[in-house]
Amino acid sequence: MSTEIQETAMAWHGNGTNGARAARSGVFVHRLDIETTKRVEIRDLTETVREIVRSAGVEAGLVTLSSMHTTTAIFVNEPQSALLEDMEHLFERLAPRAEEWKHNDPRYSDCDRQNADAHLRAIVLGSSVTLQVAEGDLTMGQWQRVLMAELDGPRTRQLMLQILSF
């Protein structure tokens, strides 16, 4: 895993993204396509989520970011380089790649990716986060960032971002 946050190569598509700042209510849905470059890496998506919220003109509400994959996780934490290294060590201790998992064994599973470790890590980290929006911005602590963990890359990943504005 890289111990530095990668620049996120992505495209996002959805409704309500005309850049207007007028207060709007409703539900806005966006799909983010993210290209990952390593088997295990962490991406900081905070500024992308903020940009989409601002573009939708949302002043107050909730935003949920969800992974459409069982080997990708979404969580909130601090992307400090030493902590990223610690995360990598935790992932390996939690679900070692070299372990003899049944999911990787053709006697028990038809999966040919040998990715049981990625599935198990994603279970622990979670597949989505929901954040508050107030005064047109994400409500987050000083060190909090929205992070995506690629656990079985490199691949193209799809995330869904849904904003509930009121």
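The values are calculated or read from the model by the stated rules, or taken from the named source; none is laboratory data. Keep in mind that what you see is a predicted model, and the values were worked out from it rather than measured. So basically every Cβ, Gly included, is an ideal-geometry build from the backbone, and we count neighbours across all protein chains shown.
Can you find a residue that is in a loop (DSSP other than H, G, I, E, B), at pLDDT 95 or above and closer than 22 Å to Glu41 by Cα anywhere in region 121-128? Looking for residues that are in a loop (DSSP other than H, G, I, E, B), at pLDDT 95 or above and closer than 22 Å to Glu41 by Cα, one finds at least one in region 121-128, hence yes. When Glu99 is tested against (1) in contact (Cβ under 8 Å) with a residue 12 or more places away in the chain; (2) under 24 Å from Thr156 (Cα atoms); (3) surrounded by fewer than 13 Cβ atoms within 10 Å (Cβ to Cβ), exactly one condition is not met: (2). If you filter region 78-96 down to residues that are surrounded by fewer than 13 Cβ atoms within 10 Å (Cβ to Cβ) and of a type in the set (Gly, Ala, Ser), you find that the one that is nearest to the chain's Cα centre (by Cα) is Ser81. Residue check: is Val27 part of a loop (DSSP other than H, G, I, E, B), in contact with a Ser or Thr (Cβ under 8 Å, 6 or more places away or on another chain) and either under 18 Å from Ile163 (Cβ atoms) or touching a residue at least 12 places away in the same chain (Cβ under 8 Å) (or both)? Taking the combined requirement at face value, the residue does not satisfy it.
Give me the residue from region 155-166 that is more than 11 Å from the chain's Cα centre (by Cα) and more than 14 Å from Leu62 (Cα to Cα) and, out of that set, surrounded by the most Cβ atoms within 10 Å (Cβ to Cβ). It would help to see each step written out before you state the result.
First, pick out the residues of region 155-166 that are more than 11 Å from the chain's Cα centre (by Cα): 155-156, 162-166.
With the extra rule that they be more than 14 Å from Leu62 (Cα to Cα), the set shrinks to 155-156.
Numbers: Arg155: 15, Thr156: 12.
For region 155-166, the residue satisfying everything is Arg155.
Applying the condition of being assigned to a strand (DSSP E or B) and under 17 Å from the mean Cα position of the chain (by Cα) to region 130-145 and asking which residue is nearest to Gln80 (Cα to Cα) yields Arg145.
Restricting attention to region 32-72, the residues that are within 19 Å of Leu138 (Cβ to Cβ) and assigned to a strand (DSSP E or B) add up to 13.
So, Asp117, is that one at pLDDT 95 or above, assigned to a helix (DSSP H, G or I) and within 18 Å of the chain's Cα centre (by Cα) or not?
Values: at pLDDT 95 or above: yes; assigned to a helix (DSSP H, G or I): yes; within 18 Å of the chain's Cα centre (by Cα): yes.
Yes, satisfied.
In summary, Asp110 fulfils each of the numbered conditions (1) within 14 Å of the chain's Cα centre (by Cα); (2) not in a helix (DSSP H, G or I) with the single exception of condition (1). Taking the numbered list (1) without any contact (Cβ under 8 Å) to a residue 60 or more places away in the chain; (2) under 17 Å from Met148 (Cα atoms); (3) in contact with a Leu (Cβ under 7 Å, 6 or more places away or on another chain) in turn, Thr70 passes all entries but (3). Filtered by the rule that a residue be basic (Lys, Arg) and surrounded by 15 or more Cβ atoms within 10 Å (Cβ to Cβ), region 105-154 gives Arg121, Arg145.
Residues of region 114-143 being without any contact (Cβ under 8 Å) to a residue 12 or more places away in the chain and at negative phi, which ones? If you could, list the steps in order and put the result at the bottom.
Here is the first cut: in region 114-143, the residues without any contact (Cβ under 8 Å) to a residue 12 or more places away in the chain are 114, 123, 139, 141-142.
Of everything in region 114-143, those that are without any contact (Cβ under 8 Å) to a residue 12 or more places away in the chain and at negative phi turn out to be Ile123, Thr139, Gly141, Gln142.
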